[in-house]
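Following: one structure in structure tokens, then a few remarks.
The values are calculated or read from the model by the stated rules, or taken from the named source; none is laboratory data. Because the structure is a prediction, the values reported are computed rather than measured. Quick reminder, even Gly has a Cβ in these numbers, built from the backbone with ideal geometry, and neighbours come from all protein chains shown.
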Amino acid sequence: MNKRALVVGNWKMELSHKGALEVFGALQKLIHAKEFAVDIAVCPSYPSLPAIAELARDTSITVGAQNVHEDEKGACTGSVSVGQIRDFVSWCIIGHSEVRAREHDSNESIARKAKILLGHGITPIVCIGETKEQRDGEETLAVLLSQVDILLKNLDRVSIMKTVIAYEPIWAIGSGELPDANSVYEVMLSIRKRISQSLDNELADRVRLLYGGSVQGENVGQYIAGSGVDGVLVGGASTHPRDFFAIISQVATSYAQ
């Protein structure tokens, strides 16, 4: 099946509102002059979502959120519900390691978030990953597949097909240390095999699998070409328009090979 690659920029808490508008404007100018067979998304902080969503109208850039609460409404001070973001976003990152650590997100709560998002027409980008200790203990695949299994248990076939799964080795995020391409290939192959056991090969192939973890323009190509990776989740580099544009360009080139 032919799938479009997906490049997602997670702006985290790096930009002011003014900075977010400036970064989006600069990125749009770069992308406007090119035609990429790649889906592009940026995920700004909550306060910037309405303005960025308005700027993104009639462009090739789509907008996502960085997280959402698992309840649709209620006395959840400081949280944001799906109903509060659904008018602005097409995507939502859930299960990012930083959120898992800070908010003690469980695999079950992440599955509930995915179900709620899908019910509102928003595509969840579910992050899974292993710690350095788990990696050193050769537990990587067991940890990752256990996270995938919770999704498979809680989502139906159609929902799984619509879900994006992003592998982010926790030990690689912001560290400059990277897994080799063969390791990433093994992870992607194992994830897709597990999904195919729940669905079937053809349907499992529709699920987009991303890699995330210290992604830069100079290293992204090795993870895309022939590795079973359908795109990338980019952190810090996505807040620099030219760097993010270079990553998008490299993904478009490598994915087409």
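Table for the structure above
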| item | result |
| --- | --- |
| Candidates 165, 195, filtered to the one that is in a strand (DSSP E or B), out of contact with any Ser or Thr (no Cβ under 9 Å at 6 or more places or on another chain) and not hydroxyl-bearing (Ser, Thr, Tyr) | 165 |
| Cross-chain or 6+ apart pairs with Cβ under 6 Å, the stretch 80-101 first and under 14 Å from residue 9 (Cα atoms), then in a loop (DSSP other than H, G, I, E, B) and of a type in the set (Asp, Glu) | none |
| Residue selected from the stretch 213-257 under the condition hydroxyl-bearing (Ser, Thr, Tyr) and buried (at least 18 other Cβ atoms within 10 Å of the Cβ), by the criterion farthest from residue 182 (Cα to Cα) | 239 |
| Which listed residue is free of Cβ contacts under 8 Å to residues at least 60 places away in the same chain, under 18 Å from the mean Cα position of the chain (by Cα) and not in a loop (DSSP other than H, G, I, E, B), from 229, 207, 215, 184 | 184 |
| Sole exception among (1) in contact with a helix residue (DSSP H, G or I) (Cβ under 8 Å, 6 or more places away or on another chain); (2) crowded, with 16+ Cβ neighbours inside 10 Å for residue 98, by number | (1) |
| Residue that is in contact with a His (Cβ under 9 Å, 6 or more places away or on another chain) and not polar (S, T, N, Q), where the choices are 82, 89, 99 | 82 |
| Index of the failed condition, residue 22 passing every other in (1) at pLDDT below 95; (2) farther than 22 Å from residue 120 by Cα | (1) |
| Residue in the stretch 87-95 that is over 19 Å from the mean Cα position of the chain (by Cα) and closer than 26 Å to residue 129 by Cα present | no |
| Pairs, first touching a residue at least 12 places away in the same chain (Cβ under 8 Å) in the stretch 103-114, second among the polar types (S, T, N, Q) and assigned to a loop (DSSP other than H, G, I, E, B), C-beta under 7 Å, six or more apart | 114/163 |
| Residue within the stretch 55-62 that is touching a Gly at 6+ places or on another chain (Cβ under 8 Å), part of a helix (DSSP H, G or I) and free of Cβ contacts under 8 Å to residues at least 40 places away in the same chain present | yes |
| Hey, residue 175 surrounded by fewer than 16 Cβ atoms within 10 Å (Cβ to Cβ), outside any strand (DSSP E or B) and among the hydroxyl-bearing types (Ser, Thr, Tyr) or not | yes |
